[in-house]
Amino acid sequence: MQKLVFTILVLVLSLSSNAQWLNTNNSFTDNTHLPVSIVNGDQTYPISTVSYFDSSVIVAWIDNRNGNNDIYAQKFDKNGNAVWAINGIAVATGSESQTYYTGGIYYQPNFYSFMASDSAGGFYIAWEDANTSVGSNKNKICIQHVKADGSVAFGASGYTVAAPLVTDNFYFTKPQLITDGMGGFFVSYIKVYTDRQYIGVACYKDVNGTLKSFGGGATMNDFIETY
């Protein structure tokens, strides 16, 4: 009986150690935890998603190593090894401020989704761009597709899915994004006028480097604030 208990204990410990990644002590009070990014400048508001393709974990965050609010990301395989460049790869580094966190209670990763697996080892992510080249308070919604190898599909500024013109009296805000389960995603956002708001939603998929729309719609909302 004692031999059986010992055998079970060894098996449990061996399985547990394989799940601890680089932290063999399972203690996050020392320096054995897994670093994601340690460059100068603030790295804040981390979010993550699991890749359905290879069981990896992808972490994204808002980074100001370049003096601006940019978005970076890192991928870890199932053994805890960083797959992409040290300190992460650039997801969105356009000339404007890029952020999925727009203040208040909106940064709650358990309730709001900003990124999702592309079912091929990469991910999609949505954010709000300050868009000051068009005018103050003229925010637009952008998308980036990061592939399994860490390359981006739509350049440093991403792909714009909703943007106002200089003459428009509205702007876009508070994007959310989830996978559609077929290699694409659904994205939603709020179109804000001075006296009313609309909620827009659309389905997209990166098809050979082109973000293709598979339909969408809008609904009216008269409340002052919408989450």
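The values are calculated or read from the model by the stated rules, or taken from the named source; none is laboratory data. These numbers were taken from a predicted model, which means no experiment stands behind them. Backbone-built Cβ (ideal geometry, glycine too); neighbour counts: all protein chains shown. Remember, those area values only see protein heavy atoms, side chains included, never the ligands or the DNA or RNA. Shrake-Rupley method; radii C 1.70, N 1.55, O 1.52, S 1.80 Å.
Points worth noting:
- Selection of the stretch 41-65 for residues being in a loop (DSSP other than H, G, I, E, B) and either in contact (Cβ under 8 Å) with a residue 24 or more places away in the chain or open to solvent by 60 Å² or more (accessible area, probe 1.4 Å) (or both) yields Gly41, Asp42, Ser51, Tyr52, Phe53, Asp54, Ser55, Ser56, Arg65.
- Lys174 vs. criteria crowded, with 16+ Cβ neighbours inside 10 Å and touching a Pro at 6+ places or on another chain (Cβ under 9 Å): no
- Some residue of the stretch 178-185 being buried (at least 20 other Cβ atoms within 10 Å of the Cβ), within 27 Å of Lys78 (Cα to Cα) and not β-branched (Val, Ile, Thr): yes
Listed here are the residues, each with its yes/no results for (1) on the phi < 0 side of the Ramachandran plot; (2) among the β-branched types (Val, Ile, Thr); (3) touching a Ser or Thr at 6+ places or on another chain (Cβ under 9 Å); (4) modelled with pLDDT under 95.
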{"position": "Thr194", "(1), (2), (3), (4)": "yes, yes, no, yes"}
{"position": "Tyr204", "(1), (2), (3), (4)": "yes, no, yes, no"}
{"position": "Thr210", "(1), (2), (3), (4)": "yes, yes, no, yes"}
{"position": "Glu225", "(1), (2), (3), (4)": "yes, no, no, yes"}
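- Qualifying residue in the stretch 27-37 (condition: of a type in the set (Phe, Trp, Tyr) and touching a residue at least 12 places away in the same chain (Cβ under 8 Å)): no
- Residue match in the stretch 136-151 (condition: in contact with a helix residue (DSSP H, G or I) (Cβ under 9 Å, 6 or more places away or on another chain) and without any contact (Cβ under 8 Å) to a residue 40 or more places away in the chain): no
- Pick from the stretch 56-94, criterion small (Gly, Ala, Ser) and in contact with an Asp or Glu (Cβ under 8 Å, 6 or more places away or on another chain), ranking: farthest from Asn131 (Cα to Cα): Ser56
- A search for C-beta distances below 7 Å between a residue of the stretch 194-211 that is over 30 Å from Asn169 (Cβ atoms) and among the small types (Gly, Ala, Ser) and any residue that is open to solvent by 20 Å² or more (accessible area, probe 1.4 Å) and not in a strand (DSSP E or B), counting only pairs 6+ apart in sequence or on different chains, returns Gly209/Ala153.
Rundown of residues vs (1) within 21 Å of Ile199 (Cα to Cα); (2) in contact with an Asp or Glu (Cβ under 6 Å, 6 or more places away or on another chain); (3) open to solvent by less than 50 Å² (accessible area, probe 1.4 Å), yes/no style:
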position	(1), (2), (3)
Glu96	no, yes, yes
Phe111	yes, no, no
Ser117	no, no, yes
Val134	no, no, yes
Val146	no, no, yes
Tyr159	yes, no, no
